[in-house]
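Read-outs throughout are calculated quantities, based only on the coordinates presented, and are distinct from any laboratory measurement. Treat the numbers as computed from the prediction; the structure is a model and nothing was measured. Quick reminder, even Gly has a Cβ in these numbers, built from the backbone with ideal geometry, and neighbours come from all protein chains shown.
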Amino acid sequence: MAFEGLSERLENSFKKLRAKGKLTEADVKEAMREVRLALLEADVNYKVAKEFTNKVTERAIGDDVMENLTPGQMVIKIVNEELTELMGGTESRLSIAKHPPTVLMMCGLQGSGKTTHSGKLALKLKKDGHRPLLVACDVYRPAAIKQLQVVGSQIDVPVFEMGTINPVNIAEEAVKHAKDHGYDYVIIDTAGRLHIDEALMEELQNIRSTVHPNEILLVIDAMTGQDAVNVAKSFNESLGIDGVILTKLDGDTRGGAALSVRAVTGKPIKFVGTGEKLENLEVFHPARMASRILG
Ligand code: GDP
């Protein structure tokens, strides 16, 4: 299960805190040293882990102890609040176009789960009463268009495709098609690559400047930890992203990407993928995730 190692290590550190009636500054510092190691072990970005524990230490030493909590419980409460804050505080919603359709541009490296999550989002929107249109802009692998069609047919959402012509034109035509046919959401499945390269970024920039998406959503694989965070940083710098979809959280990811991506990129996780099925998509709730990590 995701976060298992982290939860276990945090629980061990907190056990010691709870056992003490009074806490000295040294006790808090020792506990935060352990928390920092636990975060690093979970593949959290080094700087993020350091800033996190510094902040908790500062608050724990400075805060008045609340009457109904023991000092140990107080520190755990602060950790919970700061973990929530680290992941963005409150949940972030998708922006909506003033004049439909709302255009969602899905980006990400190959294998991150981009096509699957285009389908998952389409299904979610459909369940919410919308009329989504999926758009096949990954023109470099013929199998990619087919894959999106299979996804579309599973959820009964149409797929707009024009074969392997310039994806910028496909995206532009798809938005026109949506306007003409009353689709209120356009979900553009763009091309992925194994690694970030300039040609890909340029293509994505061209699509962006042509269709002006309401949301550029970056799909990253939680199992790849800090690599996923670095991918998010690069995409954000080259393209500007509005949010992240963190996939494969059903696997045994250590959790580093979930905890670092917001602090490193400034962009929130909006959804998480929790399985291969198209129903396995959840809105990302930072507070719930923090409580889950703390057990
Ligand atoms: P793309 O190349 O980015 O379009 O990635 P795909 O959508 O083809 O997904 C790559 C693989 O990851 C497929 O085998 C998916 O079934 C799988 N996958 C996608 N999302 C999830 C998820 O949330 N959990 C799990 N366990 N597998 C996923």
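Quick look at the values:
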item: Estimated FRET transfer efficiency (S95, Q73; beta-carbon r; R0 41 Å; 0.05); result: 0.60
item: Using θ = phi - 60° and Karplus 6.51 cos²θ - 1.76 cosθ + 1.60, couplings along the range 103-116 (whole Hz; Gly, Pro as x); result: 9, 10, 9, 9, 10, x, 6, 4, x, 6, x, 4, 5, 4
item: Rough spin-label spacing in nm, given labels placed 7 Å along Cα→Cβ, for E282 and S234; result: 3.0 nm
item: Sequence-distant residues sharing a close amide H with V219 (under 5 Å, placed H); result: C107, G108, I245
item: Cα-based convex hull, the range 138-186, per residue volume (Å³, whole number); result: 68 Å³
item: Other-chain or far-sequence residues with amide H under 5 Å of T102's (modelled H); result: A97, Y185, V186
item: Inter-probe distance in nm under a simple model that places probes 7 Å from Cα toward Cβ, at Q149 and K47; result: 4.6 nm
item: P(r), alpha carbons of the range 1-109 - 5 Å bins starting at zero, rounded %; result: 2, 11, 18, 20, 15, 10, 6, 5, 5, 5, 2, 1
item: Spatial separation of Cα centroids for the range 28-54 and the range 112-160, in angstrom; result: 39 Å
item: Equivalent ellipsoid dimensions for the range 62-135 as semi-axes, Å, which come from the Cα gyration tensor, largest first; result: 41, 16, 11
item: Residue of G108, G129, G192 that the Gaussian network model of the chain assigns the largest fluctuation, springs spanning Cα pairs under 10 Å; result: G129
item: Expected 222 nm ellipticity per residue - DSSP helices of 4 or more, -39500 (n - 2.57), all of the chain, to 500; result: -17000 deg cm²/dmol
item: Derived scalar couplings ³J(HN,Hα) [the range 45-59; Karplus, 6.51 cos²θ - 1.76 cosθ + 1.60; whole Hz; x for Gly, Pro]; result: 3, 4, 5, 4, 5, 5, 4, 4, 5, 4, 5, 5, 4, 4, 5
item: Whole-Å semi-axes of the ellipsoid equivalent to the range 1-61 (Cα gyration tensor, √5λ, descending); result: 20, 15, 7
item: Tail fraction, Cα-Cα pairs, the range 122-256, threshold 22 Å, whole percent; result: 41 percent
item: Normalised per residue, the volume of the convex hull around the Cα set of the chain (Å³); result: 129 Å³
item: Contact order relative to length of the chain, as percent, for alpha carbon pairs under 8 angstrom and 6 or more apart; result: 26 percent
item: Of K98/K277; K47/K98; K22/K248; K124/K267; K50/K120; K29/K114, those spanning more than 30 Å from alpha-carbon to alpha-carbon; result: K98/K277; K47/K98; K22/K248; K50/K120; K29/K114
item: Rounded, prolate or oblate (a/c below 1.5 giving rounded, otherwise prolate when a/b exceeds b/c) for the range 166-241 by Cα gyration tensor; result: prolate
item: Efficiency of FRET between I196 and Y140 - r from beta-carbon atoms, R0 25 angstrom, step 0.05; result: 0.95
item: DSSP loop GluC sites (Glu not before Pro) with at most 12 other Cβ within 10 Å excluded, longest remaining stretch of the chain; result: 68-275
item: Estimated vicinal HN-Hα couplings, Hz - the range 19-27 in sequence order (Karplus 6.51, -1.76, 1.60; Gly, Pro = x); result: 5, 8, x, 10, 10, 8, 4, 5, 4
item: Tail beyond 15 Å, pair distance distribution of the range 207-295 (Cα, percent); result: 58 percent
item: Folded to 0 to 90 degrees: helix 256-265 orientation relative to the chain principal axis, Cα; result: 70 degrees
item: Extension gain, D252 back to K176 (0.36 nm per residue minus Cα-Cα distance, nm); result: 23.2 nm
